[in-house]
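**Student:** One structure, as structure tokens, below. Some questions next.
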Amino acid sequence: MSDDATGPVPHAPERGIPEDEELIIEQAPPERRSRWAVMGREFLRAPWTAKIGLAVILVYVFVALFAPLLTPYGESEIVGMEFEPWGGAFMLGTDNLGRDMFTRLIYGARNTIGIAFMTTCLAFLIGGAAGLMAAAVAGWVDQALARIVDVLMAIPQLIFALLLLTIFGTSIPVLIIVIAVLDSTRVFRLARAVGMNVAVMDFVEAARLRGEGLGWIMGREILPNILPPLVAEFGLRFCFVFLLISALSFLGLGIQPPTADWGSMVRDNATLITYGDITPLLPAGAIALLTVAVNFVVDWFLHKTSGLRDEH
């Protein structure tokens, strides 16, 4: 019998994906969403404390980046008499040398936060690398590094920093290096502790048997598995470094004038508190607000990475 007698042959679906499954695949959402979409969703689900903390940090970063555009005067420009009151041409008055307090406060964000961020990054580079090496190599390398760190941590950090800055000077590069080296001891202890838990696992031993080098094992096997506690520690270390730099500046061995710094601004204008003027509390409040905001975000990040669920 010919094909004409039987009528048209119904169209057979092509081999591969059936027709009914094609519709399902077309309607399925993409597996990979953009990072911005995921970050936005996580931000909306974050607690109000984390939202406030992120908002405060973004404001500080914006102020630090665009300080020259937000200030009416130069950073160290003398624009009036000493300790002029608020209002008029000077929104927050002037300091002990006649410089605009609002301008100094804005530039202080750039200097204090920027130096603290660079110091924290250097501390994590030194302490994290040493901690990963101690965890991956173990043996005498671990013992030698651990004993050096114990000696450095035996001396109070503030006193040790004052001693070193007195010897080597108070320039910004020296300040960053001294504080980073002292603070890297805390990073080393954490990286070593969490790294040792990972270094004994089977996949690390398999990498060693494959002949992978020390750098590969540290950077590709151990580091990705200890990032959450290290990221959280970065936020906490930043707060401690930030406060330490402000304390050193208040004592006269931190960021040196005429560079604007919140710690030195509190010291220079402390006499106003005697007269009931709250101007010295502005830089102190800026320090406290940023510290609280970073801690809010760190607490939220630790909660997210711990695997615990929010209870509603």
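Just so it is clear, none of the values below were taken in a lab; they were calculated from the coordinates. This is a predicted model, so every value here is computed, not measured. Reconstructed Cβ throughout: ideal geometry from the backbone, glycine too, with neighbour counts over all protein chains shown.
**Student:** Subtracting the Cα-Cα distance from 0.36 nm times the residue separation, let me have the gained length for ASN225 to PHE203 in nm, one decimal.
**Tutor:** 6.8 nm
**Student:** Among (1) 34, 23, 18; (2) 30, 21, 20; (3) 52, 33, 15, which one is semi-axes √(5λ) of the Cα gyration tensor in Å computed from these coordinates?
**Tutor:** Derived directly from the coordinates: (3).
**Student:** Each residue of the stretch 59-76 in turn: what ³J(HN,Hα) in whole Hz from Karplus with 6.51, -1.76, 1.60 and θ = phi - 60°, glycine and Pro shown as x?
**Tutor:** Residue by residue, the stretch 59-76 yields 5, 4, 5, 4, 5, 5, 6, 10, 4, x, 7, 9, 10, x, 10, x, 4, 10 Hz.
**Student:** Additional query: Could you go through the stretch 220-228 in sequence order and give the Karplus-derived ³J(HN,Hα) for each residue, using 6.51 cos²θ - 1.76 cosθ + 1.60 with θ = phi - 60°, rounded to whole Hz, and x for Gly and Pro?
**Tutor:** Once θ is set to phi - 60°, the couplings for the stretch 220-228 become 10, 10, 8, 4, x, 8, 10, 5, x Hz.
**Student:** Right, here's the next one. Please label the shape of the stretch 220-276 as rounded, prolate or oblate, based on the square roots a ≥ b ≥ c of the eigenvalues of the alpha-carbon gyration tensor (a/c under 1.5 means rounded; beyond that, a/b larger than b/c means prolate, else oblate).
**Tutor:** Prolate shape, in that a/c is at least 1.5 and a/b is the bigger ratio.
**Student:** So how much slack lies between LYS51 and LEU69, counting 0.36 nm per residue of separation and subtracting their Cα-Cα distance, in nm?
**Tutor:** Here the answer is 3.8 nm.
**Student:** Sorted by average packing, counted as other Cβ atoms within 10 angstrom per residue and highest first, what order do 278-286, 119-127 take?
**Tutor:** 119-127, 278-286
**Student:** Once both axes come from the Cα atoms, what is the angle between helix 35-45 and the longest principal axis of the chain, in degrees from 0 to 90, rounded to 10?
**Tutor:** Long axis of 35-45 versus the principal axis of the chain: about 70 degrees.
**Student:** Which whole-Hz ³J(HN,Hα) couplings does the stretch 145-157 yield from phi under the Karplus relation 6.51 cos²θ - 1.76 cosθ + 1.60, θ = phi - 60°, glycine and proline marked x?
**Tutor:** 5, 5, 5, 4, 5, 4, 5, 5, 7, 6, 9, x, 4
**Student:** With n ≥ 4 as the cut-off for DSSP H runs, can you work out [θ] at 222 nm for the chain, using -39500 (n - 2.57) per run divided by the number of residues, rounded to the nearest 500?
**Tutor:** Computed ellipticity for the chain at 222 nm equals -21500 deg cm²/dmol.
**Student:** Now a separate question. Positive end of the dipole of the stretch 108-305, charges at C-beta (+1 Lys, Arg; -1 Asp, Glu), about the Cα centre: which of MET265, ALA191, CYS239 has its Cα farthest in that direction?
**Tutor:** Result: ALA191, furthest along the dipole toward the positive end.
**Student:** Which of the peptides 72-82, 169-179 is most tightly packed, and how do the rest follow, going by the mean number of other Cβ atoms within 10 Å of each residue?
**Tutor:** 169-179, 72-82
**Student:** Loop sites only, by DSSP: take the trypsin sites (Lys or Arg not before Pro) in the chain that have at most 14 other C-beta atoms within 10 Å and name the longest stretch containing none of them.
**Tutor:** Here the longest run is 34-209.
**Student:** Another question about this same structure. Can you give the FRET efficiency for SER76 and GLN143, using 1/(1 + (r/R0)^6), R0 = 41 Å, r = Cβ-Cβ distance, to the nearest 0.05?
**Tutor:** For SER76 and GLN143, the calculated efficiency is 0.25.
**Student:** So between THR166 and LEU44, what do we pick up on full extension, going 0.36 nm a residue minus the alpha carbon distance?
**Tutor:** 39.1 nm
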